[in-house]
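> Input: one structure, supplied below.
The values are calculated or read from the model by the stated rules, or taken from the named source; none is laboratory data. The structure presented is a predicted model; accordingly, all values stated were derived computationally and were not measured. Reconstructed Cβ throughout: ideal geometry from the backbone, glycine too, with neighbour counts over all protein chains shown. Accessible surface areas use protein heavy atoms only, side chains included; no ligands, DNA or RNA. Shrake-Rupley method; radii C 1.70, N 1.55, O 1.52, S 1.80 Å.
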Amino acid sequence: MSEYKSGSNLEKVLKAGHFAFTGECGPPLGANVEHLKEKAGHLKGCVDAVNVTDNQTAVVRMSSWAASLILLQEGLEPNFQMVCRDRNRLAIQSDILGVYSHGIRNMLCLSGDHQRFGNHPEAKNVFDIDSMQLIHTVKTMRDEGTFLNGQDIDVPPQIFIGAASNPFAEPFEFRVHRLAKKIAAGADFVQTQCIYNMDRFREFMKRAVDMGLHEKCYILAGVTPMKSLGMARYMAKQVPGMDVPASLIKRLQGAGKGKVAGEGIKFAVEQIEEFKETEGVAGVHLMAIEWEHRVPEISELAGMLPRPKV
Amino acid sequence: MIVAEQKPIKEILEMVKDYNKILVLGCKGCVTVCNVGGSKEAAILASTLKIAARKTNKKIEVEEHTLERQCDPEYVDEVKDMIDDYDAIISIACGVGPQFLSERYPSARIFPGVNTKFMGGAVEHGMWSERCAGCGTCVVHHFGGLCPIARCSKSLLNGPCGGSSDGKCEISQDVDCIWDIIVRKMTELGRLEELLEFMPPKSWITARDGGPRRLIREELVI
C-alpha cells in the first residue's frame, strides 16, 4: 500500500509539510482550447495544483473534467471540481471513475451555485446528493472500494478529497461545525471561500484549531486579489456569502486612479504572508479570476516560488 | 393544502377562444381554501369570460358549477348529465381536477384554469408558502420539524451552503434560508448536536423520481 491516499502532487506537498499553493482556472465559454492553454500556462510552475471550476455561477462552460484533462496534458495537476447541481449519483460515480482513469487525482466536492444565478435559470436542477454526501461518496469509493449501493468497484479510484468551506456565510457559529462534518465525511483538504474579512477568518481558524480540525485535514485559505473598485463593490453587494469590509474598499479607493489593481495585489500578498504564520493554515488557494497572467507576479511577491518538488 | 393561482386571464381566453358554451367548474377542496377555485372564484371567472366576449361582440354562454371535490370519482360523476351541454370545461381545481375530468369524460374538452403551485399553507392573509415536496418518506423530525427538502433551494440535508446570508437564500432576498432557521432553532433548543450527525444520501424511490406513484390500502379496497 502506498503511504498516500492518491499520490497527487498536492497531497505529497501537503504531507511533506510544505505550505501549499493552489491556483484556479475557469474553463472557456466554448471550445477555445488555446485560450485555456494560455491561461493555464501562466500558472505552470507557480502552483501545486489548479482548480478547474465546474460550470461556476451556473454558467455553461466547457466541462470541468474535459478542461482538467487538457491541463493534465499541459503538464499541470488539476483539482477537478464537481458540483451536485448537474449530476445524479449515477453520473457522479461514473465521472469519478472516468476522471481517475485519465489520471486526475484531486477532486473538490461542492453543492454548486443554484441555477437561478446563471445563464440557464429555466433549467431543472438535480441535487440528488449534497456536497457532504459527495465527499462521503468519494471516500466510500476510494476506501471501501464500493459504489454507494455497496457493490464492489473493479479498481477503485484513488482520489485526494477536497471540500469547500465558507467562514463568512451564515450562521457563523455553525460554519466551523460544518467544516468538522465535512472532515468527518472524508475531506482530506479544504479550500475556503475568498477571505477579505481577516478578523472573522482569524476567529474561524481559532475555533477550527481549538477543535483540532487542522490536525485532521489540510486547510487552505482562499485569496482572490481585487482587480478594481468595481469588482470589490460587486463582491461586497452582489455575491452571497462574501464578506468584504468597508475598510478594504476604502483602502482600494485610497490607492488612486490606475493603482487599485496594484493595491489589490498588495493586500493579497499581505494576506498570504499572514496565512503562512497562522496556526492551522496549511496553504493558500489563489483564485485570480480571469487574472491568471498576474499569478507569477503574485507568487513571486508572496515568496511562494519556487514550488517544492516532492 | 394544495396551493394554486389563477392563470392569466389572457391565457384562459386564448385557450377557449374557439368555444361558445363554456362551463367553469370549481372545487370545494384546497382551491376554495386558498381562494382560487371555489364557487366564488368560479362565478367571477364566468363573469369575466362573459364581459370579455361582450367586448369583442362574441356570443357565448358561460355557466359555473362547483363540485365537492374534483379528486374523487364520486363527485366528478355528479356532472355527467351536464358535461355534454358544453363544448369546453374550465376546471379551476388543482392539476388533479382536469385529469379526473378528462379520464371520466374522454370526449370533453377540459382546460386548466389555474396553475398548481405547491403543497403548503397560508403564512399570512394572502400569502402562501411551500412546506412539503411530497418525497414520500418524511424526515422533518431530524431538522427541528422543518423540511430542507422542500424549503432549501438545493434540498441540502447536511447544513447550510455557502450562499446563506442574513438569513436569506442565495437565490433571492425574498426566500428565507431554511437552514439558517433550522440551525438557530436547534441551537436555542440545545439540540445542535443532532445537526452534526451525517445524513446519508436519501432514497428518492418514494419520491416522484421513483416513477408515478400510487397508494393501495388493502383494508379499504372493496
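> Among all residue pairs at least 6 apart or on different chains, which show Cβ distances below 6 Å where the first residue, located in the stretch A:116-136, is within 18 Å of B:V175 (Cα to Cα) and more than 7 Å from every other protein chain (Cβ to nearest Cβ) and the second is surrounded by fewer than 17 Cβ atoms within 10 Å (Cβ to Cβ) and at pLDDT 95 or above?
Matching pairs, first to second residue: A:G118/A:V59.
> Among the residues of the stretch A:1-14, which ones are surrounded by 16 or more Cβ atoms within 10 Å (Cβ to Cβ) and more than 13 Å from the chain's Cα centre (by Cα)?
Listed by number, the residues that qualify are A:K5, A:S6, A:S8, A:N9, A:E11, A:K12, A:V13, A:L14.
> I would also like to ask the following. Mind checking which residues of the stretch B:127-144 are in contact (Cβ under 8 Å) with a residue 24 or more places away in the chain, open to solvent by 50 Å² or more (accessible area, probe 1.4 Å) and over 22 Å from B:G210 (Cβ atoms)?
Result: B:W128, single match.
> For residues that are under 20 Å from the mean Cα position of the chain (by Cα) and assigned to a strand (DSSP E or B), scanning just the stretch A:137-162, find the one that is farthest from the other protein chains (Cβ to nearest Cβ).
For the stretch A:137-162, the residue satisfying everything is A:F160.
> So, one more: Looking at B:P148, B:P98, can you tell me which residue is under 28 Å from B:V36 (Cα atoms), without any contact (Cβ under 8 Å) to a residue 60 or more places away in the chain, open to solvent by less than 10 Å² (accessible area, probe 1.4 Å) and not acidic (D, E)?
Answer to the selection: B:P148.
> Another question, then. Please give the number of the condition B:S91 fails out of (1) hydroxyl-bearing (S, T, Y); (2) loosely packed, with under 13 Cβ neighbours inside 10 Å; (3) within 18 Å of the chain's Cα centre (by Cα).
Every listed condition holds for B:S91 apart from (2).
> Identify, from the list B:E14, B:E41, the residue that is open to solvent by 20 Å² or more (accessible area, probe 1.4 Å) and free of Cβ contacts under 8 Å to residues at least 12 places away in the same chain.
B:E14
> Provide a single number: the residues in the stretch A:67-90 that are more than 14 Å from chain B (Cβ to nearest Cβ), without any contact (Cβ under 8 Å) to a residue 60 or more places away in the chain and acidic (D, E).
The qualifying residues number 1.
> Something else about it: Which members of the stretch A:223-241 meet the condition of being over 21 Å from A:S165 (Cβ atoms), outside any helix (DSSP H, G or I) and among the hydroxyl-bearing types (S, T, Y)?
A:S228
> So, of the residues in the stretch A:163-178 that are within 10 Å of chain B (Cβ to nearest Cβ) and among the aliphatic types (A, V, I, L, M), which turns out to be surrounded by the fewest Cβ atoms within 10 Å (Cβ to Cβ)?
Step by step, filter the stretch A:163-178, then rank; the result is A:A164.
> If you check A:P296, A:P225, which single one turns out to be under 29 Å from A:G45 (Cβ atoms), of a type outside the set (D, E) and either buried (at least 23 other Cβ atoms within 10 Å of the Cβ) or at pLDDT below 95 (or both)?
One residue alone meets the criteria, A:P225.
> Right, another one. In the stretch A:259-289, what count of residues is obtained for those that are over 24 Å from A:V190 (Cβ atoms) and open to solvent by 80 Å² or more (accessible area, probe 1.4 Å)?
2
> Give me the strands (runs of 3 or more DSSP E) completely within the stretch A:1-83, filtered to those with at least 1 residues that are at pLDDT below 95 and over 21 Å from A:I159 (Cα atoms), ordered by residue number.
Of the strands (runs of 3 or more DSSP E) lying wholly inside the stretch A:1-83, none has at least 1 residues that are at pLDDT below 95 and over 21 Å from A:I159 (Cα atoms).
> Now, a different point. Here are some residues: B:S172, B:S129. Which one is within 8 Å of chain A (Cβ to nearest Cβ) and among the small types (G, A, S)?
None of the others qualify; the one that does is B:S172.
> To continue, here is another question. Any chance you could count how many residues in the stretch B:200-214 are more than 8 Å from chain A (Cβ to nearest Cβ) and either of a type in the set (G, A, S) or touching a Lys or Arg at 6+ places or on another chain (Cβ under 7 Å) (or both)?
4
> Look through the stretch A:195-222, keep the residues that are outside any helix (DSSP H, G or I) and among the aromatic types (F, W, Y), and return whichever of them is least open to solvent (accessible area, probe 1.4 Å).
A:Y196
> With the condition kept exactly as written, say whether any residue in the stretch A:91-103 is assigned to a loop (DSSP other than H, G, I, E, B) and either more than 12 Å from every other protein chain (Cβ to nearest Cβ) or open to solvent by less than 50 Å² (accessible area, probe 1.4 Å) (or both).
Taking every residue of the stretch A:91-103 in turn, at least one turns out to be assigned to a loop (DSSP other than H, G, I, E, B) and either more than 12 Å from every other protein chain (Cβ to nearest Cβ) or open to solvent by less than 50 Å² (accessible area, probe 1.4 Å) (or both).
> Among the listed residues B:E193, B:E218, B:E197, identify the single one that is over 19 Å from the mean Cα position of the chain (by Cα), away from chain A (no Cβ under 14 Å) and loosely packed, with under 14 Cβ neighbours inside 10 Å.
B:E218
> Further question on the same structure: Taking the stretch B:1-47, which residues are more than 19 Å from B:D85 (Cβ to Cβ) and part of a strand (DSSP E or B)?
Correct list: B:I2, B:V3, B:A4, B:E5, B:Q6, B:C27.
> On the given criteria, is A:R61 basic (K, R), farther than 21 Å from A:I219 by Cα, away from chain B (no Cβ under 14 Å) and over 17 Å from the mean Cα position of the chain (by Cα)?
Considered against the rule, which asks whether it is basic (K, R), farther than 21 Å from A:I219 by Cα, away from chain B (no Cβ under 14 Å) and over 17 Å from the mean Cα position of the chain (by Cα), A:R61 comes out as yes.
> Any idea which of B:N20, B:N57 is assigned by TED's automatic domain parsing to the domain that holds B:K80, more than 18 Å from B:G95 (Cβ to Cβ), among the polar types (S, T, N, Q) and modelled with pLDDT under 95?
B:N57
> Kindly indicate whether any position in the stretch A:181-190 is away from chain B (no Cβ under 11 Å), part of a strand (DSSP E or B) and at pLDDT 95 or above.
Yes.
> From the list B:K55, B:K28, B:K59, which residue is open to solvent by 90 Å² or more (accessible area, probe 1.4 Å), touching a Ser or Thr at 6+ places or on another chain (Cβ under 9 Å) and not polar (S, T, N, Q)?
Exactly one of B:K55, B:K28, B:K59 is open to solvent by 90 Å² or more (accessible area, probe 1.4 Å), touching a Ser or Thr at 6+ places or on another chain (Cβ under 9 Å) and not polar (S, T, N, Q), namely B:K28.
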